[in-house]
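**Q** Pasting in a structure now, in structure tokens, and then I'll have a few things to ask.
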Amino acid sequence: MAFKKKSIDPGVQVRLREMAAEMRGLLYGEAACPEWGTKFKEIESDGMSVGLELARLLMEQSVDEQSHRTPKTAMAVDGDEVIAIPAKAHELQTEAGQVGWDQPCGYQKKGRKVFFPSGQGVGTGD
């Protein structure tokens, strides 16, 4: 699935510029730029690698934090009681790499089956 880039808030854009300057220093040392003669393809590879890892970490931290804030209504099933059980590790392959988090889940008492919250929350749909 090809990713469609969306616009970024100007405040976030300012912080990304600051982070890019800091990353150049970490990647290229004191000069904060690649050695003269470095091919653009190499610079592009460095930039994309850093960007994809940032994207992967942002996604992973976001779904992990979201999973810790599961509302009680997400664990509700009409006509049945849902008992919370230990979260299960969940992984998803993204364009930026593997993302993992602990998926909250429960057990339906009457239905006698494992239950994963549905509706708004951690998901892969649009």
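The values are calculated or read from the model by the stated rules, or taken from the named source; none is laboratory data. This structure is a prediction, so every number in the text was calculated from the model and none was measured. Positions of Cβ are generated from backbone atoms using ideal geometry, with glycine treated the same way; all protein chains shown enter the neighbour counts.
**Q** Looking only at region 24-41, count how many residues are part of a helix (DSSP H, G or I) and surrounded by 12 or more Cβ atoms within 10 Å (Cβ to Cβ).
**A** Of the residues in that region, 4 qualify.
**Q** Can you tell me which residues in region 72-113 are surrounded by fewer than 12 Cβ atoms within 10 Å (Cβ to Cβ) and among the polar types (S, T, N, Q)?
**A** 73, 93, 98
**Q** Answer yes if at least one residue in region 50-71 is at pLDDT below 95, among the basic types (Lys, Arg), over 21 Å from residue 5 (Cβ atoms) and loosely packed, with under 11 Cβ neighbours inside 10 Å, and no otherwise.
**A** Taking every residue of region 50-71 in turn, at least one turns out to be at pLDDT below 95, among the basic types (Lys, Arg), over 21 Å from residue 5 (Cβ atoms) and loosely packed, with under 11 Cβ neighbours inside 10 Å.
**Q** Restricting to region 1-50, and then to whatever is more than 28 Å from residue 92 (Cβ to Cβ) and of a type in the set (Ser, Thr, Tyr), can you tell me which residue is farthest from the chain's Cα centre (by Cα)?
**A** 38
**Q** Tally up the residues in region 32-83 that are among the charged types (D, E, K, R) and farther than 19 Å from residue 97 by Cα, please.
**A** Going through region 32-83 one residue at a time, the tally reaches 9.
**Q** Now a separate question. Does region 51-76 hold any residues that are assigned to a helix (DSSP H, G or I), hydroxyl-bearing (Ser, Thr, Tyr) and within 21 Å of the chain's Cα centre (by Cα), and which are they?
**A** 62, 67
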